[in-house]
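Derivation of every value follows stated rules applied to the coordinates shown; laboratory data play no part. Quantities reported herein were computed from a predicted structural model and do not represent experimental measurements. Cβ atoms come from the backbone with ideal geometry, glycine included; neighbour counts cover every protein chain shown.
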Amino acid sequence: MTPWWQTTSIYQVYPRSFQDSNADGVGDLPGIINRLDHLKELGVETVWVSPFFASPQQDFGYDVTDYEAVAPEYGTLEDAQRLIDEVHSRGMKVMFDLVLNHTSDQHPWFLRSRSSRSNPKADWYIWADGRGKHGKRPPNNWKSAMEFTSAWQYCPTRRQWYMATFLPFQPDLNWRNPEVKRAMFDTVRFWLDKGVDGFRLDIFGQIMKDPDFANNPVRPRVYNGFPRLTERIHTENTADNVTLAKELRAVCEEYPGDRALLGEVFGPPEVLKSYLGEDDGLNLVFLFEFLTFHYNAEWFRTTIQGFEDNFPAPMQPTYVLENHDRSRLLDRVHGDVAKAGVLAVILLTLRGVPTVYQGQEIGMSNTRLPFKDALDPIAASVYKHLPQFFVDRMSERLNRDEVRTPMQWDASANAGFCPDGVQPWLPVNPDYERVNVAHQESDNDSLLNLYRRLFALRRDSESLRSGPLAMLEALPDGVLGYRRADLIVLANMGIEPVTVKYSGRSLVEAGEVAVGMGRVSLFPDSAVVLQTVVPKLA
Ligand code: GLC
Ligand code: CA
């Protein structure tokens with residue numbers, strides 16, 4: 001039988017912004033539970049919940065102080081168990097989010113570790129002596145994920161440096177210490193015992209570094225739109241990291257049923273693929289290309305074909321248009337909802353595992369917020385001196401608050417996220433009176449109802465779930481088209497109306513489409529899923 005994760009669809013919940021249940025302006029686990037029916041009705045099959053573990057929330061949960069406890073503002077361990085059970089009772093799967101690379105600098109392990117060179121946790125993090133006469137220069141040239149700052153932070157008490165790949169308050173665990181590995185694997189088992197179906201693995205590619213701390217080669221260039229100074233060969237996607245993927249898979253295999261690991265890893269396809277092993281490593285890896293799509297048929301054709309070539313069945317590509325770190329897709333198409341509809345059709349009809357970030361299904365936009373008030377630690381610490389006009393011109397969101405504002409449920413005050421009179425932790429996007437779940441539910445032509453139709457089709461269609469994908473050739477300029485077994489998907493991403501010769505029955509449409517007499521006419525920014533007619537043999 002095909003394991004569930006090969007054909008699933010994933011919905012990302014960002015707990016702080018999904019639903020507040022106790023009127024403190026912060027989303028929480030009971031709030032998520034209260035809104036699970038929205039996900040059920042939407043038709044997603046797996047719910048991925050961003051971290052809600054004990055944390056000082058400097059990086060809003062991606063800085064953990066206890067992996068086996070729930071941050072009080074989000075609820076209790078009982079709530080977490082109830083969340084798992086309530087998701088299951090609706091026939092969905094649930095994945096939690098594991099931050100294995102680093103903890104918070106307030107984690108008791110780190111407080112201990114940094115207190116001396118000889119304490120029992122001394123070797124639980126990555127420590128090294130500095131260079132220079134007094135060791136006041138970082139141990140080597142390794143850069144943080146921000147790329148301009150060193151990955152090393154000085155600790156006067158130990159007169160040594162600790163490594164922090166992400167931000168200074170997120171010290172990297174030393175996974176070469178067997179005690180660390182054991183403790184972390186036990187955490188994984190702790191949640192598997194409670195019944196979670198899998199994990200999204202935060203910056204998984206960075207965990208195992210070169211044990212000899214060799215310098216990374218210096219090679220300045222632009223990589224994925226961001227400047228890079230060094231080639232991260234000793235700090236990212238090392239061979240030992242792939243081994244770790246397999247060890248983690250083995251932990252999951254101790255459990256009945258299929259549990260799934262979805263890695264946040266970055267790199268060229270060969271590297272990403274190496275994490276899957278022979279289906280004995282991670283089950284899935286994120287492919288992030290769609291986060292920076294160019295809205296044109298040729299770009300999608302090439303990108304999708306690339307994924308098809310690199311991840312042939314039984315491997316599954318994954319498709320991500322939005323998440324809690326990057327711009328909302330609507331802002332990438334200048335607020336054009338018709339284009340968002342076309343993208344929804346593409347996302348949910350490709351072979352592989354699509355992901356949807358909360359609010360994407362109703363067309364939420366980035367919320368413009370003054371940069372100087374940012375709560376996001378990247379904006380508030382790394383880029384804090386950038387002037388607003390400069391930030392406004394960046395194509396990427398440097399302030400992740402802008403994509404993390406509360407989910408918009410209805411047109412009441414605070415969009416139904418928290419009660420009237422309560423201040424939500426981030427302001428609600430002013431467009432909420434129009435862009436909200438309740439309003440779109442009642443409008444048959446809304447983006448929400450399009451997503452529902454597409455999810456329903458995916459769920460019931462073997463062709464979409466497991467059929468091969470073949471690009472259609474010789475289509476007019478601006479048109480993307482592919483076949484999934486007996487279905488054909490056509491999307492007009494160009495600026496002219498087009499007519500192509502295909503006969504069949506229209507199953508789902510976005511925008512203006514006419515199907516009949518052996519032809520399909522598509523206005524700009526429209527798309528259709530067509531059930532082709534199979535000629536009956538006499
Ligand atoms: C990942 C998360 C991001 C977080 C970072 C550090 O990139 O998606 O939100 O800040 O890791 O854990
Ligand atoms: Ca709350």
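Quick notes on this one:
- Debye-sum result for segment 473-529 in log10 I(q)/I(0), which assumes one identical scatterer on each alpha carbon, at q = 0.21, 0.29 Å⁻¹: -0.69, -1.36
- Where trypsin sites (Lys or Arg not before Pro) fall in DSSP loop in segment 491-534, at most 16 other Cβ within 10 Å: Lys501
- With a simple spin-label model that places each label point 7 Å from the Cα along the Cα-to-Cβ direction, the separation between Glu253 and Ala69 comes to 3.5 nm.
- Counting only alpha carbon atoms, the long axis of helix 447-460 and the longest principal axis of the chain meet at about 90°.
- Using the average count of surrounding beta-carbon atoms within 10 Å as a protection proxy, the listed peptides 327-335, 166-174 rank, highest first, as 166-174, 327-335.
- The relative contact order of the chain, computed from alpha carbon pairs under 8 Å that lie at least 6 residues apart in sequence, is 12 percent.
- Counting all C-alpha pairs of segment 224-285, share separated by more than 19 Å (%): 35
- Peptide ranges 357-363, 186-192 listed from the most packed, as the mean C-beta count within 10 angstrom indicates: 357-363, 186-192
- Coarse-grained scattering of segment 412-493 at q = 0.13 Å⁻¹, given as base-10 log I(q)/I(0) from a Debye sum over alpha-carbon atoms: -0.66
- Volume per residue for segment 1-86 equals 110 cubic angstrom (convex hull of Cα atoms).
- Under the criterion of Cα pairs below 8 Å and six or more residues apart, the relative contact order for segment 63-153 equals 17 percent.
- With R₀ set to 22 Å, the beta-carbon distance separating Asp477 from His334 gives a calculated FRET efficiency near 0.55.
- Note on Ser118 and Gln531: with the Förster distance fixed at 51 Å, the Cβ-Cβ geometry gives a FRET efficiency of about 0.15.
- Projected area, mean over directions - segment 301-352, Cα convex hull, nm²: 4.1
- Nonlocal amide H pairs with Tyr357, under 5 Å, H built at 1.01 Å: Gln12, Glu322
- Net lengthening on full extension, Glu396/Gln106 (0.36 nm per residue, minus Cα-Cα): 101.4 nm
- Relative pair counts by distance (%), Cα atoms of segment 166-309, 10 Å bins: 10, 34, 34, 18, 4, 0
- Shown here are the Rg and Dmax of the Cα trace of the chain, at 23.7, 89 Å.
- For His134, His88, order by how many other beta-carbon atoms lie within 10 Å, fewest first: His134, His88
- Taken over segment 194-252, the alpha-carbon convex hull comes to 103 cubic angstrom per residue.
- Extreme residue, positive dipole direction of the chain, given options Phe523, Leu347, Trp299 (C-beta unit charges): Trp299
- Computed from Cα positions, the angle between helix 337-349 and the longest principal axis of the chain comes to roughly 80 degrees.
- Residue list for segment 333-368, given a label point 7 angstrom along the Cα-to-Cβ vector of Arg90 and an amide N cut-off under 19 Å: 354-364
- The gain in end-to-end length when the Asn22 to Ala313 segment is fully stretched comes to 100.2 nm, 0.36 nm per residue minus the alpha carbon separation.
- Linear extension gain, Glu78 paired with Ser381, 0.36 nm per residue minus alpha-carbon span: 105.6 nm
- Applying the Karplus relation 6.51 cos²θ - 1.76 cosθ + 1.60 with θ = phi - 60° to segment 250-259 yields 3J(HN,Hα) values of 4, 4, 5, 5, 5, 9, x, x, 9, 9 Hz, where x marks Gly and Pro.
- Arg182-Trp4 FRET efficiency (beta carbon distance; Förster radius 30 Å; 0.05 resolution): 0.55
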